[in-house]
Amino acid sequence: MKVLQRIPLVDLAAQQAEVDDEVQAGLKAVFASTAFIGGPDVAQFEEGYARLVGARHCVGVANGTDALELALRASGVTPGGEVILPANTFIATAEAVSRIGARPVLVDVDPTHLLIDPSRVAEAMTEATQAIVPVHLFGQVAPVELLEPLARSSGAVIIEDAAQSQGASRHSRAAGSWGLAAGTSFYPGKNLGAAGDAGAVTTDSAEIAARVRLLGAHGSAVKYQHEVIGMNSRLDTVQAVVLNAKLSRLERWNQRRRAAAANYAELLANVPGVELPRTAEGNIDVWHLYVIRIAERDRVLRALTDAGIGVGVHYPVPVHLTAAFAHLGYSAGSFPVAEKAADTMLSLPLYPHITLDQQEYVVENLERVL
Ligand SMILES: *Cc1c(COP(=O)(O)O)cnc(C)c1O
């Protein structure tokens, strides 16, 4: 097959071109000052990101997995506790729980949006449940309002995994502002991406924010006074420079993602055998990923890859079927919706700077392959 065009799954070069001048100037200042940890750039980002989310506090950390671990620990999750999370998520959600010594309790997702299914959460709650972690997958916002009564009646807390939903909202409330705390990731490919690893915890609670800061700084609020065993997880100053430049463009970029998603919906409307992603009632999604579902996914994936089109699968193996989490004791068939999704999902290229031409090319090839 002839490759006419190469279309990546995510195009970071176009983003970088927009912010390059600002980033270079900011980095130059950081290197001139040699103040690489903390400082005004980090404080500015934390304030700006808290404002975006509508949370009182934001604490920058080293990556999204740390953000989740710190949010859970600061909110009272302890070794031996149970934390409920969806089977269809990136492995990091479960890793954060395990690193505390708590037990990930997986539940299936709803068949339409592939988000945590509140009725399954209700069934999975026990006396040991300490937290529920809705994952706002693909740029959506999970129906957190349906989890709130469950959490309230049991004393469990809600900690959001907001790594894929920066700028998204549900009933006018932003992802990352629903739970007692939320963790997010600024991995380069996320809607708001750093130049390397970075993450943040958002919360309305001054106490939780202070605890996250303490735990992320070796358990120490005052230098060399270590109150608890913490870890080293900080947002680097150079990453804050990059994130500040991109944060001011995030809403515009998310708007462009929404426009691109609308284009796909139109272009794919009459393609038989393709199940399109749907926006839940009340949601303004930010389309971190555009995930269709099709039969014969692997054949289509290969053919599109051969045609130079950057397609992906998020995620090909649900958490309970990974080798890493085999010890939890689930098996094939435990979560049928998540398992079927893993076999049929296909992420099409989508990023703020994708052109209509590129999208048409993706859809033409998809039609041909089908
Ligand atoms: C990216 C991601 C994370 C983890 O973030 P890192 O910064 O890579 O540690 C956690 N959960 C979800 C859903 C993610 O997509």
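The values are calculated or read from the model by the stated rules, or taken from the named source; none is laboratory data. Computed from a predicted structure; not experimentally measured. Methodologically, a virtual Cβ is constructed for each residue, glycine included, from the backbone with ideal geometry; neighbour enumeration extends over all protein chains shown. These area figures cover heavy atoms from the full protein model, side chains too; ligands, DNA and RNA do not enter into them. Shrake-Rupley method; radii C 1.70, N 1.55, O 1.52, S 1.80 Å.
Of note:
- Among the residues of region 274-314, those identified as open to solvent by 20 Å² or more (accessible area, probe 1.4 Å), charged (D, E, K, R) and touching an Asp or Glu at 6+ places or on another chain (Cβ under 9 Å) are R293, D298.
- Taking region 36-54 as the range and being open to solvent by 50 Å² or more (accessible area, probe 1.4 Å) and either modelled with pLDDT under 95 or within 30 Å of W178 (Cα to Cα) (or both) as the test, the residues that pass are I37, P40, Q44, E47, R51, G54.
- Annotation for region 128-135: no member residue is more than 8 Å from P86 (Cβ to Cβ), hydroxyl-bearing (S, T, Y) and assigned to a loop (DSSP other than H, G, I, E, B).
- Number of positions in region 78-87 that are in a loop (DSSP other than H, G, I, E, B) and either within 9 Å of the ligand (Cβ to nearest atom) or open to solvent by 10 Å² or more (accessible area, probe 1.4 Å) (or both): 3
- When V61, V135 are screened for being within 12 Å of the ligand (Cβ to nearest atom) and out of contact with any Asp or Glu (no Cβ under 8 Å at 6 or more places or on another chain), only V61 passes.
- Top-ranked residue of region 103-118 - restricted to ones that are away from the ligand (no atom under 16 Å from the Cβ) and touching a Leu at 6+ places or on another chain (Cβ under 8 Å), ranked as most open to solvent (accessible area, probe 1.4 Å): R103
- Meets criteria (within 16 Å of the ligand (Cβ to nearest atom) and in the same structural domain as A174 (by TED's automatic domain parsing)) for A71: yes
- Residue selected from region 197-214 under the condition in contact (Cβ under 8 Å) with a residue 24 or more places away in the chain and open to solvent by 20 Å² or more (accessible area, probe 1.4 Å), by the criterion farthest from the ligand (Cβ to nearest atom): A206
- Residue within region 143-151 that is part of a strand (DSSP E or B), in contact (Cβ under 8 Å) with a residue 60 or more places away in the chain and open to solvent by 10 Å² or more (accessible area, probe 1.4 Å) present: no
- Hits in region 220-258 - residues which are open to solvent by 40 Å² or more (accessible area, probe 1.4 Å), of a type in the set (S, T, N, Q) and not in a strand (DSSP E or B): S248, Q255
- Filter pass, S98 being within 16 Å of the ligand (Cβ to nearest atom), surrounded by fewer than 23 Cβ atoms within 10 Å (Cβ to Cβ) and assigned to a helix (DSSP H, G or I): yes
- Residue match in region 280-294 (condition: of a type in the set (G, A, S), assigned by TED's automatic domain parsing to the domain that holds N365 and over 21 Å from L356 (Cα atoms)): yes
- Those residues of region 259-273 which are of a type in the set (G, A, S), surrounded by fewer than 18 Cβ atoms within 10 Å (Cβ to Cβ) and not in a loop (DSSP other than H, G, I, E, B), in sequence order: A259, A262, A265
- Test: residue in region 343-365 that is more than 26 Å from G167 (Cβ to Cβ), in contact with an Asp or Glu (Cβ under 9 Å, 6 or more places away or on another chain) and of a type in the set (D, E): yes
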